[in-house]
Amino acid sequence: KRAVRELEYHADILDLMGLNRDAKIQIHVGGVYDDKLASMKRFIARYRKLSKKVRKRLVIENDERLYSLFDCLVISKAAKIPILFDSFHHSILNNDENYYDALKSVSKTWKRLDGLPMVDYSSQRPEGRVGAHTESIDLENFKKFLKSVDGIDFDLMLEIKDKEESALKALHLSRHLHLK
C-alpha cells in the first residue's frame, strides 16, 4: 500500500509539472520470495490494478541479481509495460544477449507516446563488490558500449557517482565518435 501511494505521489508530481508521459518512473520488479514465476505473476496482477496515471509513467528495470532482461521481457509482454535497460546490470545478469540485441528487444516495449527508450549506464567499481557502480566513467568501457549499440536511438542516464564530471566526459567522447 505504501509503495502504491509512493508511485501515485510521483505520478502526481510529474503531472503537476506538466510533463508528457515520456517522463517516467522507474522501478525494479522486486523480490523473488522463493518462487520467481509466482512473484512475476503477482507483479503483473498488481501492476494492472494501478491507476492509469501511474501505469502510463511506470517502467521496469532489469537488475543484477534477480530479474534479468529476459524476465523483464516476459513481464513486459504480459503487462504491456516498457523496460528501462540497465546496461551495467545486464553485464552481470543476462541470458547471453549482446547489448545491441538487448536494446533492440527493449525498444519494442516502448510506444511512440512513451518517448525514446531509456538506458541506464554505469560500470563496475574496480575495488567494489559485484554490482557496485564506478566512481567516475570508464571512457574505454563507455566507448565500447556506444559502439555496440550504434544505430539505436535512446535516452541515456549515467549512474555514476561523480555525475556532472562524468557526464561532461561522456558528452565529449560521444561527440568525437563516428556513430550512425
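Computed over the chain with a Gaussian network model linking Cα atoms closer than 10 Å, the most mobile of MET118, MET17, MET40 is MET17. Over the range 1-94, the alpha carbon radius of gyration divided by the compact-protein estimate 2.2 N^0.38 Å works out to 1.08.
Per residue of the chain, the DSSP helices (runs of n ≥ 4 H) give a summed -39500 (n - 2.57) that works out to -13500 deg cm²/dmol at 222 nm.
Please list TYR9, TYR33, TYR100 in order of solvent-accessible area, largest first, computed with a 1.4 Å probe with all protein chains present.
The residues order as TYR33, TYR9, TYR100, largest area first.
Largest first, the residues GLU64, GLU127 sort by 1.4 Å accessible area into GLU127, GLU64.
Label reach from ASP22 (point 7 Å along Cα→C-beta): in the range 148-177, amide nitrogens under 13 Å belong to 153-156. Roughly to the nearest percent, how much of the accessible area of the chain is carbon and sulfur, given a 1.4 Å probe? C and S fraction of accessible area: 53 percent.
Remark: relative contact order (the chain) = 16 percent; criterion is Cα-Cα distance under 8 angstrom and separation of 6 or more residues. Between the Cα long axis of helix 139-148 and the first principal axis of the chain there is an angle of about 60°, rounded to the nearest 10.
The angle between the Cα long axis of helix 2-16 and the main principal axis of the chain comes to about 70°, on a 0 to 90 degree scale. Label ARG65 and ILE152 with points 7 Å out from Cα along Cα→Cβ: what is the distance between them in nm? Spacing of the two 7 Å Cα→Cβ label points: 2.6 nm. For the chain, the pair-distance distribution built from all alpha carbon pairs, in bins 5 Å wide starting at 0, is 1, 8, 16, 19, 20, 17, 12, 6, 2, 0 percent. With kT/(6 pi eta Rh) evaluated at 25 °C and eta = 0.890 mPa s, and Rh the Kirkwood radius from Cα pairs, the range 1-49 diffuses with a coefficient of 197 µm²/s according to Stokes-Einstein.
You can think of it this way: the chain between LYS36 and VAL4 has 9.4 nm of extra reach, that is 0.36 nm per residue less the Cα-Cα gap.
The slack between ALA45 and VAL130, meaning 0.36 nm per residue of separation minus the straight C-alpha distance, is 27.4 nm. The slack in the chain from ASN95 to GLU140, taken as 0.36 nm per residue of separation less the alpha-carbon distance, amounts to 13.8 nm. For LEU177 and ALA78, the FRET efficiency from 1/(1 + (r/R0)^6), where r spans their Cβ atoms and R0 equals 35 Å, is about 0.40. Between 0 and 90 degrees, the angle of helix 69-79 with respect to the longest Cα principal axis of the chain falls at about 30 degrees. Taking every DSSP beta bridge that has both ends in the chain, the antiparallel portion is near 10%.
Using a Gaussian network model of the chain in which every pair of alpha carbons under 10 angstrom is joined by a spring, one finds that among LEU103, LEU69, LEU50 the greatest mean-square fluctuation is at LEU50.
The values are calculated or read from the model by the stated rules, or taken from the named source; none is laboratory data. If you're wondering where the values come from, they're calculated on a predicted model, not measured in any experiment. Heads up, the Cβs are rebuilt from the backbone with ideal geometry, glycines too, and the neighbour counts pull from every protein chain shown. We work out accessible area using only protein heavy atoms, side chains counted, and drop any ligands, DNA or RNA first. Shrake-Rupley method; radii C 1.70, N 1.55, O 1.52, S 1.80 Å.
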